[in-house]
Amino acid sequence: MYWSHPAPLQAMADSPLPGYHWTMDPLNWIAEELAQLERSDLLRSVPPPLGVQGATVEQAGRRLINFASNDYLGLAADPRLTEAVIRACQQHGVGRGASPLVCGRSQLHDQLELRLAQFLQTEAALLFPTSFAANAGVIPALVDRGDAIYGDAKNHASIIDGCRLSRAERHIYSHADASALEQLLQTGAHYRRRLIVSDTLFSMDGDLAPLPELATLAEKYDAMLMLDETHAFGVFGSGGRGIVEHFAAAHPELSARVDVRVGTFGKALGVAGGFVCGSRGLVRWLANRARTYVFSTAHPAALSAAALAALDIVESDRQRPAALLAEAQALRGRLQQLGWDTGRSASQIIPLRVGAPRAALQISEQLRKRGLWLPAIRPPSVPPRESLLRLGLTAAHTGPMIETLVAALTEVESGNRDRQ
Ligand SMILES: *Cc1c(COP(=O)(O)O)cnc(C)c1O
């Protein structure tokens, strides 16, 4: 209960007074919902602020080895990016004043779009505020009432929200299962348009989507194919071009069959901001119909400058992603030998699958005490009973840091076994 006007305690006692009345707090339900989350070990809290992103981070005066980050190439605090931002701010100022279509689009936005299209060898590219915004805007621009979407059961939340925002019918196929997808496609010839959408590298399991099969099905059933390369961009494929390129070596026809590619600068490239690559027609359509593009302020030109600098590094240092993936493979093997279940991981994202959310929280806490940060990932980020610790390996992690991790995971694993 609360007073709808601030009232001295004395006035409350003398109620009813003109202008004062008891009301139910319309947000009362929140406290109950939060308590319920806490009872289920699903409560999340905003962490204390962190220092500079890197292989180690400082939190509340403590330095932790950071295996929580998606800064896969270790670029987030690279001085070349910082320099690019400073220079761009001096030349372009900070804010852009409006959405790109109104007056927000700078020379650097233009350069970055051209560069992306060249890099991924597509006709065109379009920048979005984030790749969450890209997914939320692109999907409803492609399909509507009378259409159908076919999505992997483990697609990212932003894809799911994009699907919900469209008025198309949604069909979910079991994770990375092309034959389940085909069964769904077989019975859907009556839809006006159809869209297959999938992550290429799954953000929690670290496994790859079966892209050649998805592309074949898209062609066979005359569906559009949209792929989210967010975690793969900068890491997989020739020159960091993503998983479409990774598979293109064995399936040269693949690139041409992918209609929409979504990526981010926020992960391996160490900056922030999303983008979509595809045909000129697609980009023109999105600039008309993707509401998160049309109705959102253009990001600072300095962000484009930083992304361009990050692309320069990715293009000049091809060793970095290859070394990261080799290191991840070696580490995965060692963790499996210790008894950890790493699922289908085939990338720099290595889940340590534990099942119950409480177990994930406890292990994460034990590791934190040893100076390591691996976040506990719980529903709704993963399905019920699939809680895990998410290990993100980056190019900035050193040999000794990895040894510290393996030693801690050895102790924690044998501790778990003793308890069973
Ligand atoms: C992180 C993530 C996004 C969102 O990217 P942002 O640019 O950070 O908004 C989109 N899709 C997938 C698969 C992701 O993992």
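The values are calculated or read from the model by the stated rules, or taken from the named source; none is laboratory data. For clarity, every value in this text was computed on a predicted model and none was experimentally measured. Please note: Cβ atoms are built from the backbone with ideal geometry, for glycine as well, and neighbour counts cover all protein chains shown.
Do you know which residues across region 147-164 are buried (at least 18 other Cβ atoms within 10 Å of the Cβ) and closer than 11 Å to residue 175 by Cβ?
Within region 147-164, 151, 152, 154, 155 qualify.
Within 21 Å of the chain's Cα centre (by Cα), among the aliphatic types (A, V, I, L, M) and either modelled with pLDDT of 95 or more or within 16 Å of the ligand (Cβ to nearest atom) (or both): is that true of residue 195 in this structure?
Numbers: within 21 Å of the chain's Cα centre (by Cα): yes; among the aliphatic types (A, V, I, L, M): yes; either modelled with pLDDT of 95 or more or within 16 Å of the ligand (Cβ to nearest atom) (or both): yes.
Yes; evaluated as a whole, the condition is true for this residue.
Yes or no: residue 394 among the hydroxyl-bearing types (Ser, Thr, Tyr) and surrounded by fewer than 17 Cβ atoms within 10 Å (Cβ to Cβ)? Please lay out each step first, then the result.
Working: among the hydroxyl-bearing types (Ser, Thr, Tyr): yes; surrounded by fewer than 17 Cβ atoms within 10 Å (Cβ to Cβ): no.
So residue 394 does not fit the description; no.
Please go through region 361-391 and give me each residue that is part of a helix (DSSP H, G or I) and closer than 21 Å to residue 38 by Cβ, ordered by number.
Scanning region 361-391 gives 361, 362, 363, 364, 365, 366, 368.
Part of a loop (DSSP other than H, G, I, E, B) and over 22 Å from the mean Cα position of the chain (by Cα) - does that describe any residue in region 393-403? Steps first, answer last, please.
Step one: filter region 393-403 for residues part of a loop (DSSP other than H, G, I, E, B), giving 393-398.
Add one more test, that the residue is over 22 Å from the mean Cα position of the chain (by Cα), and what stays is 398.
Yes.
Which condition from (1) in a loop (DSSP other than H, G, I, E, B); (2) in the same structural domain as residue 272 (by TED's automatic domain parsing) is the one that residue 308 breaks?
It is condition (1) that residue 308 fails.
In region 247-278, what count of residues is obtained for those that are surrounded by fewer than 21 Cβ atoms within 10 Å (Cβ to Cβ) and closer than 19 Å to residue 198 by Cβ?
7
Among the strands (runs of 3 or more DSSP E) confined wholly to region 112-182, which include 3 or more residues that are more than 13 Å from residue 195 (Cα to Cα)? Steps first, answer last, please.
Values: elements: 124-128, 148-152, 169-173.
Per the criteria, 124-128.
Does residue 203 qualify as being part of a strand (DSSP E or B), surrounded by 16 or more Cβ atoms within 10 Å (Cβ to Cβ) and among the polar types (S, T, N, Q)?
Details: part of a strand (DSSP E or B): no; surrounded by 16 or more Cβ atoms within 10 Å (Cβ to Cβ): yes; among the polar types (S, T, N, Q): yes.
Criteria not met by residue 203.
Residues 141, 117, 133: which one is at pLDDT 95 or above, within 22 Å of the chain's Cα centre (by Cα) and within 16 Å of the ligand (Cβ to nearest atom)? Before the answer, list the steps.
Numbers: 141 fails: within 16 Å of the ligand (Cβ to nearest atom); 117 fails: within 16 Å of the ligand (Cβ to nearest atom).
One residue alone meets the criteria, 133.
For residue 328, indicate whether it is out of contact with any helix residue (DSSP H, G or I) (no Cβ under 9 Å at 6 or more places or on another chain) and in contact (Cβ under 8 Å) with a residue 24 or more places away in the chain.
Numbers: out of contact with any helix residue (DSSP H, G or I) (no Cβ under 9 Å at 6 or more places or on another chain): yes; in contact (Cβ under 8 Å) with a residue 24 or more places away in the chain: yes.
Yes: the conditions hold for residue 328.
Give region 215-232 a look and list any residue that's assigned to a loop (DSSP other than H, G, I, E, B) and among the acidic types (Asp, Glu), or say none.
From region 215-232, those assigned to a loop (DSSP other than H, G, I, E, B) are 221-223, 229-232; that's our starting set.
Selection gives 222, 229.
Quick one: how many residues across region 57-87 are hydroxyl-bearing (Ser, Thr, Tyr) and crowded, with 19+ Cβ neighbours inside 10 Å?
Going through region 57-87, the residues hydroxyl-bearing (Ser, Thr, Tyr) turn out to be 69, 72, 82.
From what's left, crowded, with 19+ Cβ neighbours inside 10 Å: 69, 72.
So the count comes out to 2.
Sort out which residues of region 347-384 are buried (at least 16 other Cβ atoms within 10 Å of the Cβ) and under 17 Å from the mean Cα position of the chain (by Cα), and write them in order of number.
347, 348, 349, 350, 351, 374, 375, 376, 377, 378, 381, 382
Is it the case that residue 235 is surrounded by 24 or more Cβ atoms within 10 Å (Cβ to Cβ) and outside any strand (DSSP E or B)?
Details: surrounded by 24 or more Cβ atoms within 10 Å (Cβ to Cβ): yes; outside any strand (DSSP E or B): yes.
Considered against the rule, which asks whether it is surrounded by 24 or more Cβ atoms within 10 Å (Cβ to Cβ) and outside any strand (DSSP E or B), residue 235 comes out as yes.
To keep it simple, each residue is scored yes or no on (1) over 24 Å from residue 205 (Cβ atoms); (2) more than 21 Å from the chain's Cα centre (by Cα); (3) assigned by TED's automatic domain parsing to the domain that holds residue 264.
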residue	(1), (2), (3)
40	no, yes, no
43	no, no, no
46	yes, no, no
50	yes, no, no
63	yes, yes, no
73	no, no, no
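With 250, 268, 272 as the choices, which residue is part of a loop (DSSP other than H, G, I, E, B) and away from the ligand (no atom under 16 Å from the Cβ)? Show your work before the answer.
Details: 268 fails: away from the ligand (no atom under 16 Å from the Cβ); 272 fails: away from the ligand (no atom under 16 Å from the Cβ).
Result: 250 is the single residue among 250, 268, 272 that is part of a loop (DSSP other than H, G, I, E, B) and away from the ligand (no atom under 16 Å from the Cβ).
Just the residues that are within 20 Å of residue 151 (Cα to Cα) and within 16 Å of the ligand (Cβ to nearest atom), please, taken from region 216-247.
225, 226, 227, 228, 229, 230, 231, 232, 242, 243, 244
Search region 148-166 for residues that are more than 10 Å from the ligand (Cβ to nearest atom) and pair each with any residue that is of a type in the set (Phe, Trp, Tyr) when their beta-carbon atoms are under 7 Å apart and the residues are at least 6 apart or on different chains.
Listed by first residue and then by second, the contacts come to 148/191; 150/173; 152/173; 153/173.
Any idea how many residues of region 341-360 are under 22 Å from residue 403 (Cα atoms) and not in a helix (DSSP H, G or I)? Spell out how you get there, then give the answer.
To start, the set of residues in region 341-360 that are under 22 Å from residue 403 (Cα atoms) comprises 341-343, 345-354, 360.
Of the ones still in play, those that are also not in a helix (DSSP H, G or I) are 341-343, 345-354.
Number satisfying all stated conditions: 13.
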